[in-house]
Amino acid sequence: MHLDTFMSLALKGTPFYGYNLPLLRRTLDTIKQEIAGYPFMVHYAVKANGNPRILNEIQQSGLGVDLVSGNEILAALKAGFDPGKMAYAGVGKTDREIEIGIDNDIFCFNVESEPEMEVINEIAARKGKTVGVAIRVNPDIDAHTHRYITTGTSADKFGIDLPMLDEAVDLAMKLPNLHLRGLHFHIGSQVTTIEPFKMLCDKINQLLEHFEKRGISFEMIDAGGGLGVNYEQPEKNPIAPFHDFFEVFKKGLKLRQGQMVHFELGRSIVAQCGALIAKVVFVKQNAAKKFVILDAGMTDLIRPALYNSHHKIVNLTSQEKEIDTYDVVGPICESSDVFGTDQQLPMTRRGDIIAILSAGAYGESMASTYNMRSLPQSHFID
Ligand code: LLP
């Protein structure tokens, strides 16, 4: 099993991210099968994991990319992604970043405000180019996910609110160096029911009809990402429910002739193929609690500290039958540096190797050097 391989890799040093590439490939194959025969195109959201080896693997599968910074554009180019399959989103693109996108002739800027359109138009004019854009719409749909990763309600900074959309579309069509390709949406991340995606389809249909009445048609719709994964039982659910997800859009969208639908999936592609592997530094008994203290902390995987999110924790070493209850924590000087409270683990000792599962998305890519720690390494099972 791949976790055993990670345990032997731990002899080289911990903490590290261990990636199961065969699982990543199976995930990518599943996506390709699900969209075959439909006018769908999937972009991988690089922010979820920009590890060059992961990018390379995804590039080989033929997916496009969804990018949120100039450096992500450069990383995607380096990994061999086709600029014709690059979408670039973000509320605060700097002039330099816009230039990187324009100079490399990326497919589409997902624009989030009128000032941004003006600036892109100005820079494009200076370079004598026409730039593809999609307007990011804030559809005011609650994705029922964590407050920090919900993006599509009117309280969020993202996108252009519905009452202001007509004006934004008019502006995009008026600016001579912009080519308006379509509308872009993204309602949030780790969405675990299909209901919000159904609501999104209804909203998209309404908007297509609305603009058609105004004589405006779009060549594409970008429905964003957000498909959630199972953090509770990752071993039983290694591949996200892509069938159900794409089915909603196959059934729900009333597409016009020639119209393409783009998706921007991050977490659902890479979460389950990665685990954070750490070593137990000490087991400490306090008056009320027993702590397993790891050599990995919130600097390696910040999700539990930042979103209170759950990751399954497994002791790879211990063969003990006896189960004990532990808080599994890191070494960082922050009380939020906790991977899991009241974890039932086989009796755990100093030196045991621990795996924190479903850490392939927003793990390595959000790592920091707080406390002057080193960034985590990565190893791959091929
Ligand atoms: N498209 C846009 C415009 C986005 O903002 C995002 C994620 C995605 C696509 C990809 O969403 P996904 O398929 O991965 O859900 N750090 C947080 C997640 C932040 C998501 C930000 N936007 C976490 O660890 O849960």
So which residues in the stretch 224-262 are within 13 Å of the ligand (Cβ to nearest atom) and either part of a strand (DSSP E or B) or touching a helix residue (DSSP H, G or I) at 6+ places or on another chain (Cβ under 6 Å) (or both)? Leu227, Val229, Ala240, Phe242, His262
Of (1) within 16 Å of the ligand (Cβ to nearest atom); (2) in a loop (DSSP other than H, G, I, E, B), Ile54 satisfies all except one. Which? (2)
Determine whether the stretch 4-25 contains at least one residue that is polar (S, T, N, Q), within 16 Å of the ligand (Cβ to nearest atom), modelled with pLDDT of 95 or more and not in a strand (DSSP E or B). no
Test Leu183 against the criterion of being away from the ligand (no atom under 12 Å from the Cβ) and assigned to a strand (DSSP E or B), and give yes or no. yes
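So which strands (runs of 3 or more DSSP E) are wholly in the stretch 291-364 and hold at least 1 residues that are touching a residue at least 24 places away in the same chain (Cβ under 8 Å) and within 25 Å of Lys47 (Cβ to Cβ)? Spell out how you get there, then give the answer.
On the way: elements: 313-315, 323-329, 338-346, 353-356.
Those strands (runs of 3 or more DSSP E) span 313-315, 338-346, 353-356.
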Could you tell me which residue of the stretch 284-317 is farthest from Thr348 (Cα to Cα), considering only residues that are more than 12 Å from the ligand (Cβ to nearest atom) and touching a Ser or Thr at 6+ places or on another chain (Cβ under 6 Å)? Thr299
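Being surrounded by 14 or more Cβ atoms within 10 Å (Cβ to Cβ), of a type in the set (S, T, N, Q) and in contact with a Gly (Cβ under 8 Å, 6 or more places away or on another chain): is that true of Asn104 here? It would help to see each step written out before you state the result.
Working: surrounded by 14 or more Cβ atoms within 10 Å (Cβ to Cβ): yes; of a type in the set (S, T, N, Q): yes; in contact with a Gly (Cβ under 8 Å, 6 or more places away or on another chain): no.
Considered against the rule, which asks whether it is surrounded by 14 or more Cβ atoms within 10 Å (Cβ to Cβ), of a type in the set (S, T, N, Q) and in contact with a Gly (Cβ under 8 Å, 6 or more places away or on another chain), Asn104 comes out as no.
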When every residue in the stretch 114-155 that is among the hydroxyl-bearing types (Ser, Thr, Tyr) and away from the ligand (no atom under 14 Å from the Cβ) is compared, the one modelled with the highest pLDDT is Thr130
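The values are calculated or read from the model by the stated rules, or taken from the named source; none is laboratory data. Just so we're clear, the structure is a prediction, and the values are computed from it rather than from any experiment. So basically every Cβ, Gly included, is an ideal-geometry build from the backbone, and we count neighbours across all protein chains shown.
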